[in-house]
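Below: the structure, in structure tokens.
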């Protein structure tokens, strides 16, 4: 799927701004053939939850409505016009001038629809009905229930089966873009790097629609100068003296595609891409033939007021804070992030583990980890959940969207699923097969493993290329006991290393809730001293294992969660506050990470 760009043959109209907004109390039916019966407004793109002073709106479960009006300039009316949603969380019904034109389920991937046949000459009315309902068929997974009030009206309840707030709405840009009637519909770029020769063969496949009899692909260097060109819809172009895309040292080429008919150029599009080689070999994660060490974070799309909505200044700040610390990577926990963030990471050389929204795939999810005491613990996740169709769909959509991004080094198929339970392998095997078949660049695949999935109990570890562990020894297990935590971390890493000597291992979560400004002479949990000592302990153990290839802590910044006695205005495991102020541990991590090279740390 191509990102909407303005080119000599294309125009992009941004519908960002104030839209009408109302929650649907399901008392009086709302007819999309008529204007929304409200004058209340909400800003798009952003989550709706934190934009009002109403607790009722913030915590609403069910349906909400958005509406805006727009015009299309006459010169564009002869073009193909496409309405595109960066995302609509979590299910959307789209109406244009009262007619339903699109439906999409899944809250973190884009969808689009041609609108020419539904347009009026002026004052077009775009209405969107959204659902933020999550249940045992959706991703993420929610615990859904219904009740009735004293008047017999239906009340919907969603209890998140995950540890972040269920922000929802039109959280990413809504745009209309134009193309000619005959157009470029997709571009796929697959670089094949020859490291010894400092060259690369770049396969570029161009999909088109309509009457096209000529295709030209020109690769431009980062200065915009032509390097090589070809004249086929499926061409392989050779680059000598290739500039490689490297972590924290990005170099981007551009594939400029023009299509023509009878010698006349019909459509053009330019796709930026990086040339780099990703391999997992001999228990190492290799980028451009060198053993790479992940330094970075799990994080969230989460900021004040915007909620999970796109916040470009915060994205830029986050990347700059990471680079200042010597970090080189993050995981899109626990859903695909905005395309704008992915494009930024391409430019800045940030390595990304791209994760699906498959979080909550464990019906017994909670903070009670007493089941760790049993090596034969089971639950009935895989008989109760019906998420396979949604999971397969989102794998297709995320790879379709992100396949050309140089920053994407690995796919994470799920976060903390019940891979210890009967039926997990049968669930995940087709999904891993699907991802490997769909990805033209054949990136490695993983999932992040919850603590109950141990070397003895995890049924699916054979499916992954990299063992990615989420571990909280010293916090959820043995809270405050760092001596125990050190030994438990060491023992488990040794067990994984012995049992899977061919697989690299990394931590994709580890951390401790920390209240900024809370200090202790006694290294108490929640103090800034404890957080630093916790990370010092973990770092010591990580450095002992040659096949340990990365540390992505939890979390980059404090973030909002649902209410509960385990959470005080959210999860406080950030090394930055939610407003991006550093906690004391940042100085230690910066000193550590700036001394660890991106390549060759573990020989």
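May I ask you to derive the relative contact order of the chain, considering only C-alpha pairs under 8 Å and at least 6 residues apart, and to give it as an integer percent?
Details: 1439 pairs, mean separation 75.6, N = 603.
Relative contact order comes out at 13 percent.
Spin-label pair residue 234-residue 27: with each label point 7 Å from Cα along the Cα-Cβ axis, the two points sit 6.0 nm from one another.
May I ask for the distance between the Cα centers of the range 1-66 and the range 114-162, given as a whole number of Å? First find each Cα centre; the distance between them is then 12 Å.
Only beta bridges with both residues in the chain are counted; by DSSP, about 75 percent of them are antiparallel. Once the C-beta distance of residue 520 and residue 12 is scaled by a Förster radius of 41 Å, the resulting FRET efficiency is 0.20 to the nearest 0.05. How large is log10 I(q)/I(0) at q = 0.12, 0.16, 0.17, 0.21 Å⁻¹ when the Debye formula is applied to the Cα atoms of the range 1-154, each weighted equally and without solvent? Ignoring solvent entirely, the Cα scatterers give -0.57, -0.99, -1.10, -1.56. Taking the empirical scaling 2.2 N^0.38 Å for compact globular proteins as reference, the range 317-595 has a Cα radius of gyration ratio of 0.98. The alpha-carbon positions of the chain define a convex hull whose volume is 153 Å³ per residue.
Roughly how far apart, in whole Å, are the Cα centres of the range 315-342 and the range 468-498? Result: 26 Å between the Cα centres.
Quick one: Cα convex hull volume of the range 211-344, Å³ per residue? Please report the intermediate quantities before stating the final value.
On the way: hull volume 23.5 nm³, N = 134.
Value for the range 211-344: 175 Å³ per residue.
Full extension from residue 434 to residue 396: what is 0.36 nm times the residue separation minus their Cα-Cα distance, to one decimal in nm? Walk me through the numbers before you get to the answer.
Values: separation 38, 0.36 × 38 = 13.68 nm, distance 0.80 nm.
In short, 12.9 nm is gained.
Of all alpha-carbon pairs in the range 227-270, indicate the percentage at a distance above 14 angstrom. Here the long-distance tail beyond 14 Å is 62 percent of all Cα pairs in the range 227-270.
Taking N as the number of residues in the range 183-273, what value does Rg over Cα atoms divided by 2.2 N^0.38 Å take? Don't jump to the answer; show the numbers that get you there.
Values: Rg = 13.6 Å, N = 91, 2.2 N^0.38 = 12.2 Å.
Taking N as the residue count of the range 183-273, the ratio is 1.11.
Fully extending the segment from residue 305 to residue 207 would add 31.3 nm, taking 0.36 nm per residue of separation and subtracting the current Cα-Cα distance.
Based on the mean of other beta carbon atoms within 10 Å per residue, what is the order of 10-17, 177-184, 352-359, most packed first? Intermediate results must be reported in sequence, preceding the final value.
Numbers: 10-17: 16.2, 177-184: 21.0, 352-359: 25.9.
Per-residue mean Cβ counts within 10 Å order the peptides as 352-359, 177-184, 10-17.
Since every read-out is calculated from the coordinates, none of them should be taken as a lab result. The structure displayed is predicted, hence computed values, not measured ones. Reconstructed Cβ throughout: ideal geometry from the backbone, glycine too, with neighbour counts over all protein chains shown.
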